Amino acid sequence: MFDTVLIANRGEIAVRVARTLKKMGIRSVAVYSDADRNSMHVKVADVAVNIGGAASTDSYLRGDAVIEAAKAAGAQAIFPGYGFLSENADFCEACTQAGLVFIGPTAQHMREFGLKHAARAIAEKAGVPTMPGSGLLDDVNQAIVEAKRIGYPVMVKSTAGGGGIGLIRCADEDELKNAFEKAQRLAKSYFSDGRVFVERLLVHARHTEVQIFGDGKGAVVALGERDCSIQRKNQKIIEETPAPNLPDETRKALLSVSEKLGRSVNYLSAGSIEYLYDEQRNEFFFLEVNTRLQVEHCVTEEVTGIDLVEWMIATAGGSPPNLKNLPPPHGASIEVRLLAENPLRGFLPSPGVLTEVSFPTDARIDGYVDTGTEVSSHYDSLIAKLIVSAETREAAIAKLSLALDATRLCGIATNLEYLRKIVATDAFRAGQVSTAFLDSFVFIAPVIEVLEPGTFTTIQDYPGRVGYWDIGLPPSGPMDEYAFQIANSLLGNHSSAAALEATFKSTFVLGQMGGHGGRTLRSYDLLSISAKEEKTNRHNGKITAFPSSLIPLYGQTWEIRALYGPHGAPDFFTEESVKTFFETDWQVHYNSNRLGVRLIGPKPTWTRTDGGEAGLHPSNVHDCEYAIGTVNFTGDMPVILTQDGPSLGGFVCLVTIAKAELWKVGQVKPGDTIRFVPISFDEAVEMEKRQKAIIETLTCSDVTKKLSTTAINWALTASDNGQSAAILATIRKSASSPQVVYRQAGDKYILIEYGPVILDLNLRFQVHALMEALQSSPVSGILELSPGVRSLQIHYDSLIIGQQELLKKLITLERQLPPVASMKVKSRVVHLPMVFEDSATLDAVARYRQSVRDTAPWLPSNTEFIRRINGLDSVQQVRDIIYKTSYMVLGLGDVYLGAPCAVPVDPRHRLLTSKYNPARTYTAEGTVGIGGIYMCIYGMDSPGGYQLVGRTLPIWNKFLKNKIFSDGKPWLLRFFDQVRFYPVEEVRLEEMRSAFRDGRESIEITEEVFDLAEYNAFLESIAPELDSFKRKQQAAFEIEVAHWKIDEAKLTTNDSTNDLSQQQNGTAGKDQGMPVAADISGNVWKLAAQPGDCVKTGDTLLILEAMKMEFSVAAPCDGILGNFLCRAGTQVQAGDILVSVVEHSDLSNEKQLKTADHMLHGKEIDRHQIVGRT
């Protein structure tokens, strides 16, 4: 027997064969293409060898590569599975010549039965009934003569190959004429053998096959028959055994002639003999022999208890099973093929990522997919086979129906629902089907098919994905939750029912999570309609009209009520700046989306010159948690953080929009104006109560009366004895505890800050102490606890517990906390590879320079800026410090998805920097950045402001494929973890990133206990050295701040030279040809063509960047490109003319050449020479 076997296949059969090899104690070797690097068959094998590119011709069909891999891995035999090289006689012989055993039939059997006309001759000689047909045909005329002799309808068949290729039905002579050459061409293309013949076609025949097994010495056994009649496009999708409604005598005859045929050639190993069965005449006819294991072999195994793969391996290894006196098959078994294809679009393939895979536990599943598997477009669409067995066919069908209902395949289109509908038909249940059954089967799917998705349409539910704010996972959900809830209420739906949100803003595609495939909808997406009705008792189950008096006014000017805080004057802003904020009509910036709505207006004035350790800009603070709806100042630009916004960050927030007013942010669009009106907590709660009443009752009453617009209540923003009105309460510093400040953050959040505005791990431990106390003694109404560097955000339901009541409880609990000086916490040391200044990092900086800002203190090199601002001698010193630093994680979600806000434990390693202003629109996932004194690892492709230094492994594992992501948590890092980087080469990191994401590579994690008392003693021991380090750093920092102020004074946020409206200045339309306008407002990222280029319809002319995404602007016609009216970095508005295209049809050849010449040289052409358009 063999000790090592190579599996020359992929997908479900490779996984299935590996399972048997493991059972037999034989080492398995998988081969894989580049596209299958992370496939399941690679993981389950003992050894895996890459054999080439994604295309089958570059990998799985390369017999030489397979044999080389087998020899290199020390295999003695090769198991071919089905498809690919399984029936390739030349490959079989090549294995023998290489000293390898081919596990399967002989090369002679493959050649004899591989050509259908030759197989017919062998079958006839063995006394097997054959369908009336012709020999090989020379031309179409001979085919016509033979067809008349046989009688229509006929089937034109290629003698080579299989899989339904080269088979064409012909009802009459005209169809035969059209089909003959097509069949020849297909056969020649797929099988290098264009020979064909004709055969009588049984329109309502059943496809029946017999599983045989031979020892190669004359002993052959038939292991029962299978019915494979349900086919689409000649491809089987449901198989079962025994064949229903087959008379016993016919079954015996079928098995008998099959054994006789096998014995006539001394058949070796597994094979299937296929027949067409005419139920009306009770006749069967030979079709072909498959000299390999069949896809549907599983149902035979289920009723016989035989492992056919094990039999094949044992036979090839010289220990064939005893084929005599085998027990008869028992029971019934049915298999369905689950395919990645769209039944509503002609069964087109639907490759992509399966976002959810769930199979029933009481069915046999032969597959290769699980949640997160990417189904490749390079191979067949079979992703799994679901097999059930029972005592009777009726019981098996019942079991199959339940199994299909319990199966979930989400993210791509599949035939799952199609199979459910077939199995539910009376015809299938009665066994009254034929190969033509699906031709008349009407499939009505309970789905919505997306024809045109619009700009950005997503699936949302309310309240969204809650409970993960502390690790940087936003709730998403509807931007306009008011209209969303009203819609569900009108329909009597449950409040959690999902709906489509069509918007000009993007979904949380950065996180690739939730909704349909974690993305916006695309054309031809299929959205399943829930079979369960989750109606409520609202409005007595009737659909209700919404009173017109309650319909909001959707205009271009908006008044939004907000609560002052958490940050204000005089701590951060001047009193005058706060007043200006509330008196300004802020314009909505074009670069707004579900992450945040940017606002254009006056720059704020600050009461401090910088953010100290937190950064150069006065808006910088030590990272704290944000509230949804807060107005966050990223530098001098205010941004409303919305449903997909970040949870943790290092910028101040002046006001927070009331919960009942957030819906308005979901309705604003670029160019609209917003006026903020300060309100009190009590007013905000009253507004929410009124809004909820409207949603529940859909009536207008005194309770639902709208608030009237009032003058600004400046008392809500006024300072009292130098303390900001945003501060709710303060506990003064004591000998054993720091000062505690309680800040208002809207009507749903309180932000608690500890100590002075500095980084001190003692303060973070104080935060941890309060968290532990609240977790051990929960307060009713508190929803989430989210820690920052020196702060803790309390998210609460103000309809359950009021602000003042909660404040009292928090203050009482704080006064009861023990001192933290001797506190100890568990701390994992996480070792991560990192490439310093890798290509992805440098590309992000280059893109920023091109599309946002070309000059800044941190440009062109982030690491040079870090060197300079810290007074270091070289960038190499920056690199060395990063690699020897231990970064402690103080917060998570700094830039989404578990991204750490981590600080060097040793303060001598704290490199001080500032953040980008304005922020980048793109940063690659895995990028490592430093902002203020904090290190962050980006959990996904996203915007960001950290200075970039390198790249490491993915820290978010969406589908939990790596065991290092424990406890069902897709985020790698935990609070108080210590991250330590080590250097690797970029090529190696790319390999590690892919393997780590898929679970094929792990990392080193060690456990420690971090003792705060020991740490404080360490700080005392290095005090003189640390003081010297800080003085040198501060001197360099002050010099850099001076440079920064000069640079900022030169910067104009909206440079008129980058504004297309200024550039065009009335010149739009002067260029000849068809104008090409911007569909959206945005920024020109790059020009993809040159004036004078000949372009085709659909060619990309330029790329706009908006909403943190890129949009191609395409040529509307074939023609010659005119002069661009924009350049990279230009800000454009929807409707702006960007360029023009002169259609070829509008010009003679001579004029085309002249036009191109003029365009290339920037010369204007007399527009009367050209046929214009209007």
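Could you grab the pairs with beta carbons closer than 7 Å, sequence gap of 6+ or different chains, first residue in the range 1089-1101 and closer than 8 Å to Gly1122 by Cα, second one assigned to a loop (DSSP other than H, G, I, E, B)?
Pro1091/Gly1122; Pro1091/Asn1123; Pro1091/Phe1124
Taking Arg675 as the residue in question, decide whether it is open to solvent by 30 Å² or more (accessible area, probe 1.4 Å), in contact (Cβ under 8 Å) with a residue 12 or more places away in the chain and not in a strand (DSSP E or B).
no
Take the residues of the range 871-898 that are in a loop (DSSP other than H, G, I, E, B) and open to solvent by less than 10 Å² (accessible area, probe 1.4 Å): which is modelled with the highest pLDDT?
Thr885
Residue by residue, here is whether (1) within 44 Å of the chain's Cα centre (by Cα); (2) open to solvent by less than 60 Å² (accessible area, probe 1.4 Å) holds:
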position	(1), (2)
Glu301	yes, yes
Pro321	no, yes
Pro327	no, no
Ile334	yes, yes
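Name every residue in the range 341-366 that is open to solvent by less than 40 Å² (accessible area, probe 1.4 Å), within 23 Å of Val388 (Cα to Cα) and assigned to a strand (DSSP E or B), in order of residue number.
Glu341, Val357, Asp366
Considering only residues that are more than 26 Å from the chain's Cα centre (by Cα) and hydrophobic (A, V, I, L, M, F, W, C), look in the range 616-639 and name the one that is nearest to Tyr754 (Cα to Cα).
Cys624
Does the range 918-951 hold any residues that are within 21 Å of Asn38 (Cβ to Cβ), under 20 Å from the mean Cα position of the chain (by Cα) and touching a residue at least 60 places away in the same chain (Cβ under 8 Å), and which are they?
Ala924, Gly926, Gly939, Met940, Asp941
For the structure I just gave you, tell me whether Pro943 is assigned to a loop (DSSP other than H, G, I, E, B) and open to solvent by 10 Å² or more (accessible area, probe 1.4 Å).
So Pro943 fails the test.
Identify, by number, the condition in (1) closer than 30 Å to Gly352 by Cβ; (2) assigned to a strand (DSSP E or B); (3) open to solvent by 20 Å² or more (accessible area, probe 1.4 Å) that Arg292 doesn't meet.
All conditions are met except number (2).
I'm checking my understanding of the structure. Among residues of the range 80-97 that are touching a Leu at 6+ places or on another chain (Cβ under 7 Å) and not small (Gly, Ala, Ser), which one is most open to solvent (accessible area, probe 1.4 Å)?
Phe84
For the range 130-140, does any single residue satisfy the condition of being modelled with pLDDT under 95, in a helix (DSSP H, G or I) and closer than 27 Å to Arg281 by Cα?
No - not one qualifying residue is present in the range 130-140.
Residue check, Phe1018 against (1) of a type in the set (Phe, Trp, Tyr); (2) surrounded by fewer than 18 Cβ atoms within 10 Å (Cβ to Cβ); (3) assigned to a strand (DSSP E or B), all met but one. Which one?
Only one criterion in (1) of a type in the set (Phe, Trp, Tyr); (2) surrounded by fewer than 18 Cβ atoms within 10 Å (Cβ to Cβ); (3) assigned to a strand (DSSP E or B) is unmet by Phe1018, namely (3).
What number goes with the only condition from (1) open to solvent by 10 Å² or more (accessible area, probe 1.4 Å); (2) in a strand (DSSP E or B); (3) closer than 26 Å to Leu616 by Cβ that Leu948 does not pass?
Leu948 satisfies all of (1) open to solvent by 10 Å² or more (accessible area, probe 1.4 Å); (2) in a strand (DSSP E or B); (3) closer than 26 Å to Leu616 by Cβ except (1).
Residue pairs, Cβ under 7 Å, 6 or more apart or interchain, first in the range 427-446 and free of Cβ contacts under 8 Å to residues at least 24 places away in the same chain, second surrounded by 17 or more Cβ atoms within 10 Å (Cβ to Cβ). List them.
Once the first residue is free of Cβ contacts under 8 Å to residues at least 24 places away in the same chain and sits in the range 427-446, its partners that are surrounded by 17 or more Cβ atoms within 10 Å (Cβ to Cβ) give Ala427/Val433; Ala427/Phe437; Phe441/Ile422.
How about the range 391-465: which strands (runs of 3 or more DSSP E) wholly inside it have at least 3 residues that are at pLDDT 90 or above and open to solvent by less than 50 Å² (accessible area, probe 1.4 Å)?
Here the list is empty.
Which residues, taken from the range 183-226, are open to solvent by 20 Å² or more (accessible area, probe 1.4 Å) and part of a helix (DSSP H, G or I)?
Those that are open to solvent by 20 Å² or more (accessible area, probe 1.4 Å) and part of a helix (DSSP H, G or I): Gln184, Arg185, Leu186, Lys188, Ser189, Tyr190, Phe191.
Go through the range 232-253 residue by residue and tally those that are closer than 15 Å to Tyr275 by Cα, touching a helix residue (DSSP H, G or I) at 6+ places or on another chain (Cβ under 9 Å) and either charged (D, E, K, R) or at pLDDT below 95 (or both).
The number of residues fulfilling the criteria is 2.
Being in a helix (DSSP H, G or I) and open to solvent by less than 40 Å² (accessible area, probe 1.4 Å) is the filter here, so list the residues in the range 788-816 that pass it.
Gln803, Leu806, Leu807, Leu810, Ile811, Leu813, Glu814 - these are the residues of the range 788-816 that are in a helix (DSSP H, G or I) and open to solvent by less than 40 Å² (accessible area, probe 1.4 Å).
Looking at this structure, is Phe180 buried (at least 22 other Cβ atoms within 10 Å of the Cβ), among the aromatic types (Phe, Trp, Tyr) and either at pLDDT below 90 or in a strand (DSSP E or B) (or both)?
Answer is no for this residue.
Within the range 985-995, is there a residue that is part of a strand (DSSP E or B) and modelled with pLDDT of 95 or more?
Checking the range 985-995: not a single residue is part of a strand (DSSP E or B) and modelled with pLDDT of 95 or more.
Just to check your reading of the model, which residue among Gly1069, Gly1129, Gly1172, Gly1135 is open to solvent by less than 20 Å² (accessible area, probe 1.4 Å) and either at pLDDT below 85 or more than 28 Å from Arg594 (Cβ to Cβ) (or both)?
Step by step, each of Gly1069, Gly1129, Gly1172, Gly1135 is checked, and only Gly1129 is open to solvent by less than 20 Å² (accessible area, probe 1.4 Å) and either at pLDDT below 85 or more than 28 Å from Arg594 (Cβ to Cβ) (or both).
Within the range 104-126, is even one residue over 48 Å from the mean Cα position of the chain (by Cα), in a loop (DSSP other than H, G, I, E, B) and closer than 22 Å to Glu274 by Cβ?
Yes; the residues of the range 104-126 include at least one that is over 48 Å from the mean Cα position of the chain (by Cα), in a loop (DSSP other than H, G, I, E, B) and closer than 22 Å to Glu274 by Cβ.
Lys148: basic (Lys, Arg) and within 21 Å of Leu254 (Cβ to Cβ), yes or no?
For Lys148, the condition - basic (Lys, Arg) and within 21 Å of Leu254 (Cβ to Cβ) - is not met.
Does the range 899-921 hold any residues that are open to solvent by 10 Å² or more (accessible area, probe 1.4 Å) and touching a His at 6+ places or on another chain (Cβ under 8 Å), and which are they?
The answer is Lys915, Asn917.
Given (1) under 30 Å from Glu864 (Cβ atoms); (2) modelled with pLDDT of 85 or more, identify the lone condition not met by Thr1052.
Condition (2) is where Thr1052 drops out.
The values are calculated or read from the model by the stated rules, or taken from the named source; none is laboratory data. Note that the structure is a prediction, hence the values are computed from the model and not measured. When we count neighbours, we look across all protein chains shown, and the Cβ atoms used for this are built from the backbone with ideal geometry, even at glycine. SASA here: full protein model, heavy atoms, side chains in, ligands and nucleic acids out. Shrake-Rupley method; radii C 1.70, N 1.55, O 1.52, S 1.80 Å.
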